[in-house]
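The values are calculated or read from the model by the stated rules, or taken from the named source; none is laboratory data. All figures in this text were calculated on a predicted structure; none of them were measured in a lab. Heads up, the Cβs are rebuilt from the backbone with ideal geometry, glycines too, and the neighbour counts pull from every protein chain shown. The protein model used for the area step is the full one, side chains on, heavy atoms only, and it has no ligands, DNA or RNA in it. Shrake-Rupley method; radii C 1.70, N 1.55, O 1.52, S 1.80 Å.
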Amino acid sequence: QQQVRQSPQSLTVWEGETAILNCSYENSAFDYFPWYQQFPGEGPALLIAIRSVSDKKEDGGFTIFFNKREKNLSLHIKDSQPGDSATYFCAASENYAQGLTFGLGTRVSVFP
Amino acid sequence: NAGVIQTPRHKVTGKGQEATLWCEPISGHSAVFWYRQTIVQGLEFLTYFRNQAPIDDSGMPKERFSAQMPNQSHSTLKIQSTQPQDSAVYLCASSLETGAQNTLYFGAGTRLSVL
């Protein structure tokens, strides 16, 4: 079973809207939660990350909201642009020295 | 900085043949990871080296798959007797492993197709 679950599987938004991607996890020991962005034909690239001591992290138009008690987090893409169309992966690890466990991803399509 | 380099980008093998995938990590990075990506399973962790030493191979199928890192500038993933279910994109990533964040820098991957 997936230790990191993402929803929805795919998401379509119009340019300028806020896209909301959800992620939940099972392992209470997970401490570090990065989101990776992947374009077709490329490897995933780090977009933004949060540690479990924080409940919010912002970077440009991207915001992570984290709820440790509920073991879930969300990525908000504000003012979505067609260039944000990609697959977004939520990941988690117990500490920085371990490999990441990834969710199955959310494919986001932004239409002009 | 050219990033993580993976070769070849595409590899086609016949069932039962051997496939060797190559990865050149970012210079100075101490950790190298291998992942397998499919639509159904997503990104699956395979194995991890730190300073060329194998640290965790818990994701590696015990038969037919092996990984090595003979020097700090390259790692290989070898699949013996390839099967159609091995078809996937194999991703290599490297990391500095410093501080409180472990940013993985991924290569573009090798797409393996087993006919």
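What the table below lists for this structure:
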read-out: Residue list for the stretch A:47-86, restricted to those being among the hydrophobic types (A, V, I, L, M, F, W, C) and open to solvent by less than 60 Å² (accessible area, probe 1.4 Å); value: A:LEU47, A:ILE48, A:ALA49, A:ILE50, A:PHE62, A:ILE64, A:PHE66, A:LEU73, A:LEU75, A:ILE77, A:ALA86
read-out: Failed item, numbered, when A:THR101 is tested on (1) more than 9 Å from every other protein chain (Cβ to nearest Cβ); (2) touching a residue at least 60 places away in the same chain (Cβ under 8 Å); value: (1)
read-out: The one condition in (1) within 13 Å of chain A (Cβ to nearest Cβ); (2) in contact (Cβ under 8 Å) with a residue 24 or more places away in the chain; (3) open to solvent by 70 Å² or more (accessible area, probe 1.4 Å) that B:VAL4 fails to fulfil; value: (3)
read-out: Subset of the stretch B:65-95 (residues that are loosely packed, with under 15 Cβ neighbours inside 10 Å and either within 11 Å of another protein chain (Cβ to nearest Cβ) or assigned to a loop (DSSP other than H, G, I, E, B) (or both)); value: B:SER73, B:GLN80, B:SER81, B:GLN83
read-out: Residue in the stretch A:84-99 that is more than 25 Å from B:TYR90 (Cα to Cα) and either out of contact with any Phe, Trp or Tyr (no Cβ under 6 Å at 6 or more places or on another chain) or not aliphatic (A, V, I, L, M) (or both) present; value: no
read-out: Count - residues of the stretch A:2-29 that are open to solvent by 10 Å² or more (accessible area, probe 1.4 Å) and within 13 Å of chain B (Cβ to nearest Cβ); value: 6
read-out: Qualifying positions in the stretch A:19-51 - under 14 Å from the mean Cα position of the chain (by Cα) and among the polar types (S, T, N, Q); value: A:ASN22, A:SER24, A:GLN37, A:GLN38
read-out: Residue in the stretch B:34-57 that is least open to solvent (accessible area, probe 1.4 Å), counting only those that are within 9 Å of chain A (Cβ to nearest Cβ), farther than 25 Å from A:GLY41 by Cα and in contact with a Ser or Thr (Cβ under 8 Å, 6 or more places away or on another chain); value: B:ASP56
read-out: Filter result (closer than 30 Å to A:SER52 by Cα and among the aliphatic types (A, V, I, L, M)) within the stretch B:71-111; value: B:LEU91, B:ALA93, B:LEU96, B:ALA100, B:LEU104, B:ALA108
